[in-house]
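Peer 1: Below is a structure I'd like to ask you about.
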Amino acid sequence: MEKHFAVIGQPIKHSLSPAMHRAGYRALGLEADYQRFEVRPEDLPEAVAGLKGLGFAGWNVTVPHKEKILTCLDGLTEEARRAGAVNTVKVSEGRLIGHNTDGAGLIRSLEEYLTPGPGQEIILLGAGGAARGIAMALAPLGVQLRILNRTPERAQALVQEVRDFGGKAEYEDWGAGEWLNRADCVIQTTTIGLKGEEYPFSLHGIRPETLVVDIIFNPWETPFLRSAQTEGCRTLNGAGMLLYQGVLAWEFWLGGQAPVEAMREALFKELSVNEGRKR
Ligand code: ATR
């Protein structure tokens, strides 16, 4: 029987998930389809009930529903509970289970370059929803997190949450600091750069061994990543996180191993078509 999947959000028209997942189904010859639906926040409960009623096997959830959807579900995985947000729902024996693959997706994308673990210092720039998901996925790995944010109270609250879950986190002032000399990895999670804006502070003096990540993938290279390259650092954009959150969602729904290379190829093709940029 054909399985149906989807992504819901607003706006949703530019979502790359359908292309990525469909390529995966084709690669494995699965009878499955993946659609996208624009859902207004006020319609979320009806949309969720509708997807369930129509027999969808699972769906992804994106902005602005990742937190609000929690109230529509029957259960949460540990990852979703820790993140306080859901990006993947599975219908399991009639129950709606919320999961979160964003943080683990980012970690999978880092793993080609670095395996996060004890003794490593990871800097998080930003303390919004994206930062929270990443911090809570990194916390159990024993890394030392340092969290900076324009609004200090949000960074301090996130530090406390990480500590409450047994992780190691420190607050740092928003700006360049001594952390530049110690970081193994810097992860940029704010929205700065989406419109090509320069970063509000410089990475001058950062150790060139540091892996610098920006979770933005459009534009392909933010001014922040370019400034890190000027300092000699290896850099990574958010396309890998997008790929692996999809791969992990696939594996949550269907079990087994997702066809990563087919999904990567489809995603990167869409990205270069949409943005006129090459990998
Ligand atoms: P998301 O879910 O994408 O993380 P969010 O929860 O709205 O979105 O968080 C946006 C992040 O970008 C926050 O860390 C925000 O900083 P504040 O908490 O101070 O608002 C950060 N951000 C957005 N615009 C910024 C700017 N111009 N300068 C510094 N930080 C900015």
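The values are calculated or read from the model by the stated rules, or taken from the named source; none is laboratory data. Being a predicted model, the structure only gives us computed values, none of them experimental. Counting neighbours? That spans all protein chains shown, and the Cβs are built from the backbone with ideal geometry, glycine included.
Peer 1: Would you please name the residue that is nearest to the ligand (Cβ to nearest atom), looking only at residues in the stretch 215-235 that are assigned to a helix (DSSP H, G or I) and of a type in the set (S, T, Y)? Step through it out loud before you land on a result.
Peer 2: Residues of the stretch 215-235 assigned to a helix (DSSP H, G or I): 223-230.
Okay, now just the ones that are also of a type in the set (S, T, Y), so 227, 230.
On the way: S227: 15, T230: 21 Å.
Applying the filter and picking the extreme gives S227.
Peer 1: Using the structure shown, decide if E153 is surrounded by fewer than 23 Cβ atoms within 10 Å (Cβ to Cβ) and within 14 Å of the ligand (Cβ to nearest atom).
Peer 2: Considered against the rule, which asks whether it is surrounded by fewer than 23 Cβ atoms within 10 Å (Cβ to Cβ) and within 14 Å of the ligand (Cβ to nearest atom), E153 comes out as yes.
Peer 1: How many of the residues making up the stretch 32-81 are of a type outside the set (A, V, I, L, M) and more than 20 Å from S15 (Cα to Cα)?
Peer 2: 15
Matching residues to (1) assigned to a loop (DSSP other than H, G, I, E, B); (2) away from the ligand (no atom under 13 Å from the Cβ); (3) within 20 Å of the chain's Cα centre (by Cα):
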| residue | (1), (2), (3) |
| --- | --- |
| E170 | no, yes, no |
| G175 | yes, no, no |
| I187 | no, no, yes |
| E197 | yes, no, no |
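Peer 1: I've got another one for you. Which one of these is more than 30 Å from A80 (Cα to Cα) and buried (at least 17 other Cβ atoms within 10 Å of the Cβ): Y244, Y199?
Peer 2: Y199
Peer 1: Further, regarding this structure: Please determine, by comparing only the residues of the stretch 1-28 that are under 17 Å from the mean Cα position of the chain (by Cα) and aliphatic (A, V, I, L, M), which one is farthest from Q245 (Cα to Cα).
Peer 2: I12
For (1) among the hydrophobic types (A, V, I, L, M, F, W, C); (2) part of a helix (DSSP H, G or I); (3) within 14 Å of the ligand (Cβ to nearest atom), each residue gets a yes or a no:
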position	(1), (2), (3)
R108	no, yes, no
P116	no, no, no
G119	no, no, no
R132	no, yes, yes
L138	yes, yes, no
R146	no, no, no
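Peer 1: A157 - would you say it is more than 30 Å from F56 (Cβ to Cβ) and assigned to a helix (DSSP H, G or I)?
Peer 2: Working: more than 30 Å from F56 (Cβ to Cβ): yes; assigned to a helix (DSSP H, G or I): yes.
Spelling it out, A157 is indeed more than 30 Å from F56 (Cβ to Cβ) and assigned to a helix (DSSP H, G or I).
Peer 1: Follow-up. Any chance the stretch 206-214 includes a residue that's within 13 Å of the ligand (Cβ to nearest atom), part of a loop (DSSP other than H, G, I, E, B) and touching an Asp or Glu at 6+ places or on another chain (Cβ under 9 Å)?
Peer 2: Looking for residues that are within 13 Å of the ligand (Cβ to nearest atom), part of a loop (DSSP other than H, G, I, E, B) and touching an Asp or Glu at 6+ places or on another chain (Cβ under 9 Å), one finds none in the stretch 206-214, hence no.
Peer 1: Which of the residues that make up the stretch 31-44 are under 21 Å from M20 (Cβ atoms) and surrounded by 13 or more Cβ atoms within 10 Å (Cβ to Cβ)?
Peer 2: A32, D33, Y34, Q35, R36, F37, E38, V39
Peer 1: Select, from E79, E31, E93, E46, the only residue that is of a type outside the set (S, T, N, Q) and under 18 Å from the mean Cα position of the chain (by Cα).
Peer 2: On inspection, the qualifying residue turns out to be E79.
Peer 1: Being within 16 Å of the ligand (Cβ to nearest atom) and among the β-branched types (V, I, T) is the requirement here; does I123 meet it? Even if it seems obvious, please write down each step before you answer.
Peer 2: Numbers: within 16 Å of the ligand (Cβ to nearest atom): yes; among the β-branched types (V, I, T): yes.
Criteria met by I123.
Peer 1: If I ask for residues that are part of a loop (DSSP other than H, G, I, E, B), more than 18 Å from L248 (Cβ to Cβ) and among the hydrophobic types (A, V, I, L, M, F, W, C), which ones from the stretch 5-37 would you list?
Peer 2: Result: I12, single match.
Peer 1: Among (1) part of a helix (DSSP H, G or I); (2) over 17 Å from the mean Cα position of the chain (by Cα); (3) surrounded by 15 or more Cβ atoms within 10 Å (Cβ to Cβ); (4) not β-branched (V, I, T), which single condition is A258 missing?
Peer 2: (1)
Peer 1: Give, as residue ranges, the strands (runs of 3 or more DSSP E) completely inside the stretch 46-105 that count at least 1 residues that are among the hydroxyl-bearing types (S, T, Y).
Peer 2: Passing ranges, in order: 88-92.
Peer 1: Here is a list: A47, A130. Which entry is crowded, with 16+ Cβ neighbours inside 10 Å, in contact (Cβ under 8 Å) with a residue 24 or more places away in the chain and within 18 Å of E161 (Cα to Cα)?
Peer 2: Details: A47 fails: within 18 Å of E161 (Cα to Cα).
It is A130.
Peer 1: Give just the number: which of (1) more than 21 Å from Y199 (Cα to Cα); (2) modelled with pLDDT under 95; (3) within 16 Å of the ligand (Cβ to nearest atom) does V159 not satisfy?
Peer 2: (2)
Peer 1: Please verify whether V86 is within 11 Å of G133 (Cβ to Cβ), of a type in the set (A, V, I, L, M, F, W, C) and within 15 Å of the ligand (Cβ to nearest atom), treating the condition exactly as stated.
Peer 2: Taking the combined requirement at face value, the residue satisfies it.
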